[in-house]
Every structure is written in structure tokens, then in C-alpha cells.
Amino acid sequence: MRFLKASKVVLILQGRYAGKKAVIVKNYDEGTQSRPYPHAVVAGIEEYPRKITKAMGAKRIAKRSKVKTFIKVVNYNHLMPTRYNLDIDLKQVVSAESFKEPSQRVTAKKAVRKLFEERYNSGKNRWFFTKLAF
């Protein structure tokens, strides 16, 4: 589908991460040999950063600003696109090889987490880092 491109923010609709926001890293409109259906590699937020107030100290703010991430291959049927884009380049961090070995998956998730936390702390893309209210 032409609108499901890399760096598009999507909502996961089914499964363990249903209702979570994610970013498309790479899309496969035609499918692949192993997955013969249209799908996308996504990186998303499993646990969102918590609310911060003025009264909180630096240590508490740092703890509440943590983000837990996930990477996953998702069928297009289970994605809902949003109007938002996230201009973070995740292609070097997450690739098809990231899913072959569990240790590679862990390192990829850590790298994504670092990028997401940097973006959150810079104050950009506020909507992406807020929990979906439904």
C-alpha cells in the first residue's frame, strides 16, 4: 500500500501489542518467500514514559522518562496508519537479520530504546510518546 511507508506512525490492532504505537522501519508490499503476504517491520513502544511534574527531582524524572520498546513483523491487516511521521532513521538499527537470533533482537531493541529516549527527552513528537486513550 502506498501510504504505509517507512517512518509512518501506526497503531498495532491485534496481539500482544494491540493499542500500542509503532513506526514502520521497512515495508514489504508484495510479501517475501517466507511471508507471502504484505507486512512491515515495526519498532514500537511497549511501555510509555510516565507523567512528570515540576516537583519531581532529576533522579525521579530520569526513571519516569524510560521507554520500553519492541520490534516485530506485522501483517498490514493488523496495522492502522496515522497521519504522523517519525523522522528517526531506524534502518541501520533494525533489519531482517535482527529477527534470526534472540541476542541480535535484544541489541536491536536496546538501540531503538536509546533513539526513542533521546527523541522523548528532546521534547519532539509528543503525541507518539503518550499512551493511547481509548
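The values are calculated or read from the model by the stated rules, or taken from the named source; none is laboratory data. All values derive from a computational prediction rather than experimental measurement. Cβ coordinates were reconstructed from backbone atoms using ideal geometry, including for glycine residues, and neighbour counts include every protein chain displayed. Only protein heavy atoms, including side chains, enter the accessible area calculation; ligands, DNA and RNA are left aside. Shrake-Rupley method; radii C 1.70, N 1.55, O 1.52, S 1.80 Å.
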**OP:** Test residue 88 against the criterion of being modelled with pLDDT under 90, out of contact with any Asp or Glu (no Cβ under 7 Å at 6 or more places or on another chain) and surrounded by 12 or more Cβ atoms within 10 Å (Cβ to Cβ), and give yes or no.
**Re:** yes
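Looking only at residues that are free of Cβ contacts under 8 Å to residues at least 40 places away in the same chain and surrounded by 10 or more Cβ atoms within 10 Å (Cβ to Cβ) in the stretch 58-74, which one is nearest to the chain's Cα centre (by Cα)? Spell out how you get there, then give the answer.
We begin by selecting, within the stretch 58-74, every residue free of Cβ contacts under 8 Å to residues at least 40 places away in the same chain; these are 58-64, 73.
When the remaining residues are screened for being surrounded by 10 or more Cβ atoms within 10 Å (Cβ to Cβ), the result is 60-64, 73.
Values: 60: 24, 61: 22, 62: 20, 63: 20, 64: 18, 73: 11 Å.
Going through the qualifying residues, I end up with 73.
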**OP:** Evaluate the following for residue 47: is it acidic (Asp, Glu) and within 24 Å of residue 134 (Cα to Cα)?
**Re:** yes
Subject >> Per-region count, the stretch 37-48, residues open to solvent by 20 Å² or more (accessible area, probe 1.4 Å) and under 21 Å from residue 106 (Cβ atoms) >> reply: 3
**OP:** Determine whether residue 19 is small (Gly, Ala, Ser), more than 18 Å from residue 112 (Cα to Cα), surrounded by fewer than 19 Cβ atoms within 10 Å (Cβ to Cβ) and touching a residue at least 60 places away in the same chain (Cβ under 8 Å).
**Re:** yes
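Which of the residues spanning the stretch 77-87 are in a loop (DSSP other than H, G, I, E, B) and more than 24 Å from residue 98 (Cβ to Cβ)?
Passing the criteria: none in range.
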**OP:** Within the stretch 114-134, track down each residue that is open to solvent by less than 90 Å² (accessible area, probe 1.4 Å) and either part of a helix (DSSP H, G or I) or in contact (Cβ under 8 Å) with a residue 40 or more places away in the chain (or both).
**Re:** 115, 116, 117, 119, 120, 122, 125, 127, 128, 129, 130, 132
